[in-house]
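Structure incoming, see below.
The values are calculated or read from the model by the stated rules, or taken from the named source; none is laboratory data. Just so it is clear, the structure is predicted and the values come from calculations on it, not from any experiment. Counting neighbours? That spans all protein chains shown, and the Cβs are built from the backbone with ideal geometry, glycine included. These area figures cover heavy atoms from the full protein model, side chains too; ligands, DNA and RNA do not enter into them. Shrake-Rupley method; radii C 1.70, N 1.55, O 1.52, S 1.80 Å.
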Amino acid sequence: MSDGEQRSSVPAWSSPRAARALAVAVAIIDLLAVLLVGSSVEASRQHHRERATAATQNLAAALEQYLAGVFEKVELTLLTVADEYARESAEGRVDGPVFDDFLARQRGRIPQLHSLETFDADGKLAHGRDAPPGSVIDISDRDYFRRLRAEPGLGVIVSRPLVGRLTARPLLVLARALRRADGSFAGVAVASVLLEDLGSAFEGYDVGARGVIVLRDPELGLVVRRQTSGAPIALGDRTVSPELQALLRDGHRSATYSGVAVDGIERTFTFRRMARTGHLVIVGLAFDDYLAGWRRSTLLATAVLAAFGLLTAAAAWLTLRAWRRHQAAVQDLAEQETRFRLLAESATDVIWMVDASRRLTYVSPAVQRLAGWTPEEACRLRWPRLLSVPSIERIRSALARLGAVAPHAQPFADALIEHEVVAKDGRRVQAESRFSLLWSADGQVLGAIGVTRDVTERREMQARVHVAERMASLGTMAAGVAHEVNNPLTYVYGNVAFALERLGSLDARGRQAPLGEALQALREALAGADRVRHIVRDLKAFSRAENDRLEPVDVVRVIEGCLKMTGTLTRERAQVILRLGPVPRVLASEARIGQVMLNLVVNAAHAIPEGDPGANRIEVSTALAADGRVEVAVADTGTGIAPDVLPRIFDPFFTTKGVGEGTGLGLSICHGIVKALGGEIDVETAVGRGSRFRVLLPPAPAGAATGPAEASAEPAGPPRRRVLVLDDDPLVARAIGRTLSRDCAVDVSTDPAQALRRLHSGERWDVILCDLMMPELAGMDVHASVQELDPGQAARIVFMTGGAFTARAREFLERVPNARVEKPLDPATLAQVLEAGSRGTPGDGTPEP
């Protein structure tokens, strides 16, 4: 993804807002759970009520069927008894014992019967074995007896609950009239059922701890009530609930209803009216009984719901904590991504990523500084478009090497290659890339990530360092050669000059031909030595490192020295024309100015083919520009510079020369030197007509330091100064001493230690000419010792140098104000040296007025 693409933002909910949202969600979940459980509980309650209703209905139906069966069997028995009685009466008499046995057999067929007896027309017990012998039982006062006697058409009559006169126990009587053959009333057959036996039969039906089974007569009088709790209700009591009364008033023969019974307990009731007798069978199940299971399940559901609420609360808290941790992790990840992106987007190196198909998926903005492509443009390009052909092969080879490494070792495996990046404008940028492959968990290559750095400046610096090291080596060698040449040249030059002077005085008294020829030979030898001295001076001025110090430099003198060094190269190619006008000095390093001039002259010569110097020319000119700057121009009549090449001539490593003929750094270095000095360098060119390079440099400011003190050009001081010449080379020391001996009292010494001993003994000199570089005791050491002994004497030391300086020697010469002179020395220079060195009174350390 390039930095111009949109990124999805991470939702940034605050913790309180998330907590509120989570609390609302948990509340909704809990509310739904409550509604679900509540509806389930209500459905369960309704189900229990329906079951209770069904149970009461079923029990009532079963009891009705049971009682109806009992009553029907009793009725059949009574009918059988009546028929048997009528038959025996028709035969003339009823056999008592036989009829008693008959009654006993009939009673035994119905377990529910307590007794089966017959009474005569007066209501007296006639037949039956249930009464004790001799007992008299009279039922003439019973309602059922009177009704049967009075109403011949009645069938079986069921009485209200009665208390047996023989048993004194509550019972229910079923009676039927007995008739003679003529249809007259003969008595009644009576079957009695103990109410407690009916109650025992009712106990076989489960109606719960507070349920009831009630049997009421047609007038609602209580016959039997089966209940396990509560106060008993009197037989015949007609108190019933308003609900039952309402249903009966409406003519219902059966119904189910809920209400509070006479005992104050709320129940669900079902009543059924028996078809044959009109009795009411009532079954009631108490709410507390049939809802007990529901209450237990409701309590369990409530406990589960409470546990669910606690679990949801705990889950919400854990979720909130996990969310906060996740949010913190997301925030941390977002911050890390932001830091990475800021790092990537502020890095000067190009950070990039490619996918498995080698398509760029991310490029940092530094690519625009490197190659001119925006990140979006770079991501739309295929990566080979950004690289030169050799670079593509190197990268493919590196990717193949990385792909051969085991995925688990990839975090430690990367590739570092140097290559060229093709810029948007076609430039080739020197770059260095380090990259690693990205692997999936199953060992598949996902892509690569890397960093690309512009190493153009580094390679330029490396080349500059290489050139500087080579120049330093050449300079060191040149300085060493100059030193070795200067020492013998000193005494050659001095001795020839001395001989020429002495022979010249003889020739003045009387010229002789052979002596004149000898004088001419010595003059020619002196001229040759002087030429060698200037060549060595030019070589030192160009090559020695110490000239990097900025000082006023004579540009014309530097140009002349460069032209001498390039004479061999230019004379086979062109005529060199000089137009060196007067110009002020420039504040620069003589060595660096020489390097610029030398490069420009060499480039001009290389632009002209060899073989026809008469037809070509190299023109070097100096002039004062209109703005006051010093202008140096180097023009040639060579091949010129092509327009497509011209914009790049000052770029590092750019060259149009063949392999081995140039590094591409010459003009780049010249451009850097001139810019560093505050100047300008430009070119005018035409293909086939030549080029003209122009250098503009600011003049040195007025009063700029000209370096260490030089020998004064004033006339020589008064004769016979005391001079000590101290040099480790005896030939050099004697030659200088011989030259000075005419005007000075000269002491020559090749032993610095001996000279110091003489100074310690009190001996003093007007001037001490001391070689700077001596093997045993250097001139710096001599100066330090004399400075401690006599600062005024130390100020009169003039140092002689052959050109080979150590770092210590350079630092010393920059620090002390003493005059110094370069070998070889001619008489005029020695005279100036004596004047410069004697500007102080020996021993007092003060300058001479």
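So Ile233 clears everything in (1) part of a loop (DSSP other than H, G, I, E, B); (2) open to solvent by 50 Å² or more (accessible area, probe 1.4 Å) except one condition, right? Which one?
(2)
Residues being open to solvent by less than 60 Å² (accessible area, probe 1.4 Å) and at pLDDT 80 or above: count how many of those fall in segment 433-447.
Summing the residues that are open to solvent by less than 60 Å² (accessible area, probe 1.4 Å) and at pLDDT 80 or above in segment 433-447 gives 1.
Report, ordered by the first and then the second residue, all pairs with beta carbons closer than 8 Å, sequence separation of six or more or different chains, a first member in segment 592-619 that is more than 11 Å from Val634 (Cα to Cα), and a second member that is among the acidic types (Asp, Glu) and surrounded by 21 or more Cβ atoms within 10 Å (Cβ to Cβ).
Ala607/Asp636; Ile608/Asp636; Asn616/Asp636
Let me ask something else. I need a count of the residues in segment 24-48 that are closer than 16 Å to Phe308 by Cβ and either exposed (fewer than 13 other Cβ atoms within 10 Å of the Cβ) or not hydroxyl-bearing (Ser, Thr, Tyr) (or both). Talk me through it step by step, then tell me what you get.
Kept after step one, since they are closer than 16 Å to Phe308 by Cβ, are these residues of segment 24-48: 25-41.
Subsequent filtering for residues that are either exposed (fewer than 13 other Cβ atoms within 10 Å of the Cβ) or not hydroxyl-bearing (Ser, Thr, Tyr) (or both) retains 25-39, 41.
Here the count works out to 16.
Related question: Does Arg129 meet the test of being open to solvent by 50 Å² or more (accessible area, probe 1.4 Å) and assigned to a loop (DSSP other than H, G, I, E, B)?
Numbers: open to solvent by 50 Å² or more (accessible area, probe 1.4 Å): yes; assigned to a loop (DSSP other than H, G, I, E, B): yes.
Here the answer is yes, as Arg129 does meet what is asked.
Right, another one. Ala794 - would you say it is under 26 Å from Glu551 (Cβ atoms), surrounded by fewer than 20 Cβ atoms within 10 Å (Cβ to Cβ) and either without any contact (Cβ under 8 Å) to a residue 60 or more places away in the chain or of a type outside the set (Ser, Thr, Tyr) (or both)? Spell out how you get there, then give the answer.
Numbers: under 26 Å from Glu551 (Cβ atoms): yes; surrounded by fewer than 20 Cβ atoms within 10 Å (Cβ to Cβ): no; either without any contact (Cβ under 8 Å) to a residue 60 or more places away in the chain or of a type outside the set (Ser, Thr, Tyr) (or both): yes.
Considered against the rule, which asks whether it is under 26 Å from Glu551 (Cβ atoms), surrounded by fewer than 20 Cβ atoms within 10 Å (Cβ to Cβ) and either without any contact (Cβ under 8 Å) to a residue 60 or more places away in the chain or of a type outside the set (Ser, Thr, Tyr) (or both), Ala794 comes out as no.
Which of (1) open to solvent by less than 10 Å² (accessible area, probe 1.4 Å); (2) at pLDDT below 75 does Asp844 not meet, given it meets every other one?
(1)
While we're on this one: Among the helices (runs of 4 or more DSSP H) contained in segment 302-403, which hold 1 or more residues that are of a type in the set (A, V, I, L, M) and without any contact (Cβ under 8 Å) to a residue 60 or more places away in the chain?
Working: elements: 366-371, 375-380, 389-403.
Passing ranges, in order: 366-371, 389-403.
Residue-wise test of (1) touching a residue at least 60 places away in the same chain (Cβ under 8 Å); (2) hydroxyl-bearing (Ser, Thr, Tyr).
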residue: Val98; (1), (2): no, no
residue: Gln112; (1), (2): yes, no
residue: Ala126; (1), (2): yes, no
residue: Tyr144; (1), (2): no, yes
residue: Gly155; (1), (2): yes, no
residue: Arg179; (1), (2): yes, no
residue: Phe185; (1), (2): yes, no
residue: Ala191; (1), (2): yes, no
residue: Gly199; (1), (2): no, no
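Next up: Listed residues Thr706, Thr739, Thr685; which is crowded, with 17+ Cβ neighbours inside 10 Å, at pLDDT below 85 and polar (S, T, N, Q)? Write out each step before concluding.
Values: Thr706 fails: crowded, with 17+ Cβ neighbours inside 10 Å; Thr685 fails: at pLDDT below 85.
It is Thr739.
Condition test on Asp627, is it modelled with pLDDT of 90 or more, more than 30 Å from Arg758 (Cβ to Cβ) and out of contact with any Cys (no Cβ under 6 Å at 6 or more places or on another chain)? Break it down stepwise before answering.
Working: modelled with pLDDT of 90 or more: yes; more than 30 Å from Arg758 (Cβ to Cβ): yes; out of contact with any Cys (no Cβ under 6 Å at 6 or more places or on another chain): yes.
Against the criterion (modelled with pLDDT of 90 or more, more than 30 Å from Arg758 (Cβ to Cβ) and out of contact with any Cys (no Cβ under 6 Å at 6 or more places or on another chain)), Asp627 qualifies.
Turning to a different aspect of this structure: When segment 415-429 is examined, which residues are found to be touching a Leu at 6+ places or on another chain (Cβ under 8 Å) and among the acidic types (Asp, Glu)?
Result: Glu420, single match.
If I ask for residues that are within 30 Å of Ala189 (Cβ to Cβ) and of a type in the set (Ser, Thr, Tyr), which ones from segment 46-83 would you list?
Selection gives Tyr66, Thr77, Thr80.
Right, next: Which members of segment 742-773 meet the condition of being open to solvent by 50 Å² or more (accessible area, probe 1.4 Å) and of a type in the set (Val, Ile, Thr)?
Hits for segment 742-773 are Val748, Thr750.
Among the residues of segment 244-261, is any assigned to a helix (DSSP H, G or I), open to solvent by 50 Å² or more (accessible area, probe 1.4 Å) and either under 17 Å from Asp217 (Cα atoms) or of a type outside the set (S, T, N, Q) (or both)? Lay out the reasoning, then the answer.
First, the residues of segment 244-261 that are assigned to a helix (DSSP H, G or I): 244-249.
Now drop any that are not open to solvent by 50 Å² or more (accessible area, probe 1.4 Å), which leaves 245, 249.
Those still in the list that are either under 17 Å from Asp217 (Cα atoms) or of a type outside the set (S, T, N, Q) (or both) too: 245, 249.
The answer is yes; a qualifying residue exists.
Can I ask one more? Looking at Arg341, Arg358 in this structure, which one is modelled with pLDDT under 80 and on the phi < 0 side of the Ramachandran plot? Spell out how you get there, then give the answer.
Values: Arg358 fails: on the phi < 0 side of the Ramachandran plot.
The unique qualifying residue is Arg341.
If you don't mind, there's one more thing I want to ask. Considering only segment 774-790, state which residues are in contact (Cβ under 8 Å) with a residue 12 or more places away in the chain and either of a type in the set (Val, Ile, Thr) or open to solvent by 50 Å² or more (accessible area, probe 1.4 Å) (or both).
At the first step, the residues of segment 774-790 found to be in contact (Cβ under 8 Å) with a residue 12 or more places away in the chain are 774-783, 785-786, 789-790.
Selection gives Pro775, Glu776, Val782, Val786, Leu789.
Quick check, is Arg160 touching a residue at least 40 places away in the same chain (Cβ under 8 Å), surrounded by 13 or more Cβ atoms within 10 Å (Cβ to Cβ) and out of contact with any Phe, Trp or Tyr (no Cβ under 8 Å at 6 or more places or on another chain)? Full working, then the answer.
Numbers: touching a residue at least 40 places away in the same chain (Cβ under 8 Å): yes; surrounded by 13 or more Cβ atoms within 10 Å (Cβ to Cβ): yes; out of contact with any Phe, Trp or Tyr (no Cβ under 8 Å at 6 or more places or on another chain): yes.
Considered against the rule, which asks whether it is touching a residue at least 40 places away in the same chain (Cβ under 8 Å), surrounded by 13 or more Cβ atoms within 10 Å (Cβ to Cβ) and out of contact with any Phe, Trp or Tyr (no Cβ under 8 Å at 6 or more places or on another chain), Arg160 comes out as yes.
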